[in-house]
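The values are calculated or read from the model by the stated rules, or taken from the named source; none is laboratory data. All of these numbers come straight from a predicted model, not from anything done at the bench. Methodologically, a virtual Cβ is constructed for each residue, glycine included, from the backbone with ideal geometry; neighbour enumeration extends over all protein chains shown. In case anyone asks, the SASA skips ligands and DNA or RNA and just uses the protein heavy atoms, side chains included. Shrake-Rupley method; radii C 1.70, N 1.55, O 1.52, S 1.80 Å.
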Amino acid sequence: MEQAPPKLHIDNISLNFGGIRALQQIDFTVRQGEILAVIGPNGAGKTSLINSINGFYNPQEGAIRFEGRDISRLPAYKRAQIGISRTFQNIALYTNMTALDNLMAARHIHMKSNLLTGAIFWGPARREEIEHRRFVEEIIDFLEMEAIRKTIVGNLSYGLRKRVELGRALALEPSLLLLDEPMAGMNVEEKEDMARFILDIHERQDMTIMLIEHDMGLVMDISDRVVALDFGRKIAEGTPDQIKQDEAVIKAYLGQEA
């Protein structure tokens, strides 16, 4: 029986900005249905890696394959359409819109109504709007955001804005979810909530998740595998237990002598 391709294959990519080598021959796979964490100190190239996967950056070398398809030159919006969604290290929401409207805005890639039918708002356009709203309301219920659904995002706490951003990423209906430091800046209770939501998304939707996170305790608790970067290079890959004992990771990331 032929084995299915991995969900994502990062195939020896290198990314340079002038004389700065952000990524150097990075190679690993993300398996279908797993949670893979990417760790490393500041400046290791973690966000550059996610930016390359979702199409913000185009590596000069190597290839990025999603479900066996080379997407290396596919524009960012096309990658969203085929099932790749992300959150950002620095929250990127419409701060003058409500939580509900932020999630509805993410549904635009799935909307088929043209300008005319949308303006008339009748027949297919109305049915489509109702269906998208139903989908968004399910996300709001899932992420326990009922109390803030009509609240202007700019008035929300940092932790709740992070939750709205996660909801917006889910509104794209991804099969691969990229999370860039989803718990940065949160207190303990907010981190526990976010970890619970991530695990629920993974288990209930069989979602493949790749996340960047500095909280090593959380990484070791929820990840199936871990990739460690340092100065744009991959220095280790393995299970959480293997990574905890890896000398290169201990030296580069945990700040201890190997």
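When the residues of the stretch 153-168 are filtered to those that are among the hydrophobic types (A, V, I, L, M, F, W, C) and either assigned to a helix (DSSP H, G or I) or modelled with pLDDT of 95 or more (or both), the one that is surrounded by the most Cβ atoms within 10 Å (Cβ to Cβ) is VAL164.
Being touching a Leu at 6+ places or on another chain (Cβ under 7 Å) and part of a strand (DSSP E or B), is that true of even one residue in the stretch 38-58? Please lay out each step first, then the result.
Going residue by residue through the stretch 38-58, those that are touching a Leu at 6+ places or on another chain (Cβ under 7 Å) are 38, 40, 44-46, 48-50, 52-55, 57.
From what's left, part of a strand (DSSP E or B): 38.
Taking every residue of the stretch 38-58 in turn, at least one turns out to be touching a Leu at 6+ places or on another chain (Cβ under 7 Å) and part of a strand (DSSP E or B).
So which residues in the stretch 32-67 are out of contact with any Pro (no Cβ under 8 Å at 6 or more places or on another chain), open to solvent by less than 20 Å² (accessible area, probe 1.4 Å), of a type in the set (Gly, Ala, Ser) and closer than 11 Å to LEU15 by Cβ, if there are any at all? Of everything in the stretch 32-67, just one residue is out of contact with any Pro (no Cβ under 8 Å at 6 or more places or on another chain), open to solvent by less than 20 Å² (accessible area, probe 1.4 Å), of a type in the set (Gly, Ala, Ser) and closer than 11 Å to LEU15 by Cβ, namely GLY45.
For the stretch 68-85, name all the residues that are surrounded by 19 or more Cβ atoms within 10 Å (Cβ to Cβ), within 15 Å of LEU177 (Cα to Cα) and not small (Gly, Ala, Ser). If the condition is that a residue be surrounded by 19 or more Cβ atoms within 10 Å (Cβ to Cβ), within 15 Å of LEU177 (Cα to Cα) and not small (Gly, Ala, Ser), then ARG79, ILE84 are the ones that fit. Considering each residue of the stretch 236-258 in turn, none proves to be crowded, with 20+ Cβ neighbours inside 10 Å, closer than 19 Å to LEU49 by Cα, at pLDDT 95 or above and β-branched (Val, Ile, Thr). Taking the criterion of being open to solvent by 10 Å² or more (accessible area, probe 1.4 Å), more than 25 Å from GLU67 (Cβ to Cβ) and among the aliphatic types (A, V, I, L, M), the residues of the stretch 132-152 that qualify are ALA147, ILE148, ILE152.
For the stretch 12-31, filtering for residues that are open to solvent by 40 Å² or more (accessible area, probe 1.4 Å) and either farther than 26 Å from LEU199 by Cβ or among the acidic types (Asp, Glu) (or both) leaves 9. Scanning the stretch 95-109 for residues that are exposed (fewer than 15 other Cβ atoms within 10 Å of the Cβ) and not polar (S, T, N, Q) yields ALA105, HIS108, ILE109.
Would you call ARG225 under 23 Å from GLN242 (Cβ atoms), charged (D, E, K, R) and at pLDDT 90 or above? First the steps, then the outcome.
Numbers: under 23 Å from GLN242 (Cβ atoms): yes; charged (D, E, K, R): yes; at pLDDT 90 or above: yes.
So ARG225 passes the test.
Here ASP180, ASP221 are screened, and the one residue that is open to solvent by less than 10 Å² (accessible area, probe 1.4 Å) and among the charged types (D, E, K, R) is ASP180. Within the stretch 119-130, the presence of at least one residue that is at positive phi and modelled with pLDDT under 90 is confirmed.
Please specify each residue of the stretch 56-91 satisfying the condition of being within 13 Å of PRO174 (Cβ to Cβ), in contact with a strand residue (DSSP E or B) (Cβ under 9 Å, 6 or more places away or on another chain) and polar (S, T, N, Q). Listed by number, the residues that qualify are SER85, THR87. Cβ-Cβ contacts under 9 Å between residues 6 or more apart (or on different chains), taken from a first residue in the stretch 179-196 that is farther than 25 Å from ILE53 by Cα and part of a loop (DSSP other than H, G, I, E, B) to a second residue that is open to solvent by less than 20 Å² (accessible area, probe 1.4 Å) and among the small types (Gly, Ala, Ser), are listed as MET186/GLY159; ASN187/GLY159. If you go through the stretch 205-218 and keep only what is over 14 Å from GLY40 (Cα atoms), touching a residue at least 40 places away in the same chain (Cβ under 8 Å) and either surrounded by fewer than 18 Cβ atoms within 10 Å (Cβ to Cβ) or in contact with a Cys (Cβ under 7 Å, 6 or more places away or on another chain) (or both), you end up with just ASP206.
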